[in-house]
Amino acid sequence: MIAALLSAVLALAAPPAKGVLLERLTWPDAERVLTPSTVVVIPLGAASKEHGPHLLLKNDAILAEHLRDELLARADVVSLHLVLSSRTRDILGAAEIGRMKRGAILVNTSRAPLVNEAALIDAVRDGRIVAALDVYEREPLPAGHPLLTCPNTVLTPHLGYSVLEVYRVFYAQCVENALAFLAGAPMRLLPEQLS
């Protein structure tokens, strides 16, 4: 899904065909964004590794303020992959978004409250960043919601899980779960179901 969102952002950034007007994309340095050199991925506990121009970052490390500030300032793309908790809510607020370089792409396919919505709307309206979003505070986005008219956005209707590979696993696990339940040995229980 991230690849699809980035492709959509990059397609918007491509020079328009003759006579085609891209009204929603207004940031000034689109050519630089087409070839990002630093991608910051904020994942769930992945090991910290640096591979050439791409940077993978451990969940705990992004919360270290000096490292977070440096990475946000360097990133051409910031992609969030976190669960929502009291620790991660508003992990990107106005201050953090303000540290992002002009024209950076913010990808959120995880949970909307990871990013402060008002700060995000201000940043895309001002043309400071580009947002590729698959999650929202209210779903579906209500008519008239400011994100629907913001420039520099790619909005998808919370379909990040809708890829063939996920459905293969999902349906296989549904069958496994049903068979295990019928055999009296339920599996994949939520913690509150174990007690």
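Derivation of every value follows stated rules applied to the coordinates shown; laboratory data play no part. Since the structure is predicted, the reported quantities are computational estimates derived from the model, not experimental observations. Reconstructed Cβ throughout: ideal geometry from the backbone, glycine too, with neighbour counts over all protein chains shown.
Once amide H atoms are built 1.01 Å from N in the peptide plane, which residues 5 or more positions from Ile105, or in another chain, come under 5 Å H to H?
It is Val77, Val78, Val130, by chain and number.
Would you mind putting 123-135, 71-83, 176-188 in packing order, based on average other-beta-carbon counts within 10 Å, highest first?
123-135, 71-83, 176-188
Less than 14 Å Cβ to Cβ from Arg89, Lys/Arg counted +1 and Asp/Glu -1: what total charge do the surrounding residues give?
-2
Quick check of the Kirkwood formula: for segment 115-163, what is the inverse mean of 1/r over all pairs of different Cα atoms, in Å?
Over segment 115-163, the inverse of the mean reciprocal pair distance is 11.3 Å.
What are the ³J(HN,Hα) couplings of segment 97-113, residue after residue, when phi is run through the Karplus curve with 6.51, -1.76, 1.60 and θ = phi - 60°? Round to Hz, x for glycine and proline.
So the J values, rounded to whole Hz, are 5, x, 7, 5, 5, 4, x, 5, 9, 9, 10, 10, 10, 9, 9, 4, x.
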